[in-house]
1. So for segment A:70-88 (the condition being part of a loop (DSSP other than H, G, I, E, B), more than 9 Å from chain B (Cβ to nearest Cβ), touching a residue at least 40 places away in the same chain (Cβ under 8 Å) and surrounded by fewer than 19 Cβ atoms within 10 Å (Cβ to Cβ)), does at least one residue qualify?
2. Out of the residues in segment B:25-48 that are more than 7 Å from chain A (Cβ to nearest Cβ) and charged (D, E, K, R), state the one that is farthest from A:F103 (Cα to Cα).
3. Does any residue of segment A:149-169 turn out to be under 24 Å from the mean Cα position of the chain (by Cα), in a helix (DSSP H, G or I) and without any contact (Cβ under 8 Å) to a residue 24 or more places away in the chain?
4. I'd like to verify a number: residues in segment A:44-63 that are at the interface with another protein chain (Cβ under 7 Å from one of its Cβ atoms) and touching a residue at least 24 places away in the same chain (Cβ under 8 Å), how many?
5. Please pick out the residue among A:G20, A:G28 that is more than 10 Å from chain B (Cβ to nearest Cβ), surrounded by fewer than 16 Cβ atoms within 10 Å (Cβ to Cβ), without any contact (Cβ under 8 Å) to a residue 60 or more places away in the chain and out of contact with any Phe, Trp or Tyr (no Cβ under 7 Å at 6 or more places or on another chain).
6. Scanning for something away from every other protein chain (no Cβ under 14 Å), touching a helix residue (DSSP H, G or I) at 6+ places or on another chain (Cβ under 7 Å) and under 23 Å from B:V34 (Cβ atoms), does segment A:100-109 turn up at least one residue?
7. Test of understanding: among A:H118, A:H151, which residue is away from every other protein chain (no Cβ under 14 Å) and surrounded by fewer than 19 Cβ atoms within 10 Å (Cβ to Cβ)?
Amino acid sequence: MAAEAKVDPMHQFTIEPLGGTAGWEIAGYNIAFTNSALWMLITTVVLTLFVAGGLKRQMVPGRWQMAVETFTGFIDNMLEANIGKAGRKYVPYVFSLFMFILFANLLGLLPLGVVGLHPFTFTSHFTVTGVLAVLSFAIVLVVGFWRHGLHFFSLFVPQGTPLPMIPVIAPIEFISFMVRPFSLGLRLFVAMMAGHVLLEVLSSFVIDGTNAGVGFGLLVGLPSFILMIGICALELLVAGIQAYVFALLTSLYINDAENLH
Amino acid sequence: MPQIAQLAETYSSQIFWLLIFFGFTFFVIGRGMVPRVMATVDARDAQIASDLAAAQAARDEADRQEEAWRTRENENRAAAQAVLAQAKADGAAKTEARLAEVQQSIDVRLAEAEARIGAARASALTEIEDVAAEAAQDIVARLAGVKVTKPAAAKAVKEALVHG
């Protein structure tokens, strides 16, 4: 990339089929094994290794087991705080969701470009985040109608609403409810994409500034480089926060379905 | 923006592989591993709780033992003190009885002695009167040459002794 005169900050989001799989299809739909799918595979493998390492089931845990138990305990506490005792049965889903997004975000931030590989953050694609959001939303709908039947529609009428206000409040509540999967998916996609674009733009400042001469290098390249280090730390934080927000909002939405007000 | 530019050609493969890998994550990790990790945590929490409960029970038991020992000790002490008090009271009573006995005998002997002294004094008095009457008879006979009978002399002596 350094060799190119111009750095394209959007190039990192390009999806490319790998190893001649471009033609793979199922029922007319293309299922090429792309770099995005490769990083999903890497995320899954790393996550599996991480959790499997904590599966020693020792009474006195080692460091690795302690780390895994910290994550499960964190999700367990979050669900218990938001949903209550009934929240425990959602731990497998919310844990998978949180860890999958967290590992995807963090793996996508790895500075593998130094050794010539191109990390790909599939959570910066709204196709992916959208599917996860729709999954969460579908669980909310299924749980809501399963537990409360048609009574689940009373979710759109907050408790204590005066009768004349119901025709006004209900559509607003309905719209805010239907917006949930979009806000859920877009939030993660936008946060991840913005961070990666920002890093790429700053890196192009560093490269172009340095190429333009020592003066520009010191004037533009060096401050950009220092800023980039700070933004990298911020991105690590954002990677964690966005995974947390996704899991937290999912648990809040499930709480609506589980406890209905 | 490749996310939109490539949407039509890539959405199906993105969704397909995401469902494959997230499904694997959910079923193998979420459903398979996480419950076992949490079961380990729960087992440890239960172990700790039961250990704490056992320690608490042992502590309560020790407290109870100590309390029982203390009660027994207090009882023993009270019993010892009772025995001591009893012995003291017994001794005091015995001493008192003996004292009373001795006092009685002393009183008796005192009374006897007083009676003896009274008798001696009375006999001494009559003897003095007798001697005084005889002396008076003699004196009167010598001085006045009058023979006075003994009862009269005795009467005069008694009057003189009384008026004295």
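What follows is calculated from the coordinates using simple rules that are stated; it is not laboratory data. Keep in mind the model is a prediction, meaning the values are calculated, not measured. Please note: Cβ atoms are built from the backbone with ideal geometry, for glycine as well, and neighbour counts cover all protein chains shown.
1. Yes, segment A:70-88 contains at least one residue that is part of a loop (DSSP other than H, G, I, E, B), more than 9 Å from chain B (Cβ to nearest Cβ), touching a residue at least 40 places away in the same chain (Cβ under 8 Å) and surrounded by fewer than 19 Cβ atoms within 10 Å (Cβ to Cβ).
2. Here the answer is B:D45.
3. no
4. Initial filter on segment A:44-63 (at the interface with another protein chain (Cβ under 7 Å from one of its Cβ atoms)): A:44, A:47-48, A:51-52, A:54-55, A:57, A:59.
Pick out the ones that are also touching a residue at least 24 places away in the same chain (Cβ under 8 Å) and you get A:44, A:47, A:51.
Residues meeting the conditions: 3.
5. Going through A:G20, A:G28 in turn, the sole match is A:G20.
6. Yes, the conditions are met somewhere in segment A:100-109.
7. Of A:H118, A:H151, the one residue that is away from every other protein chain (no Cβ under 14 Å) and surrounded by fewer than 19 Cβ atoms within 10 Å (Cβ to Cβ) is A:H151.
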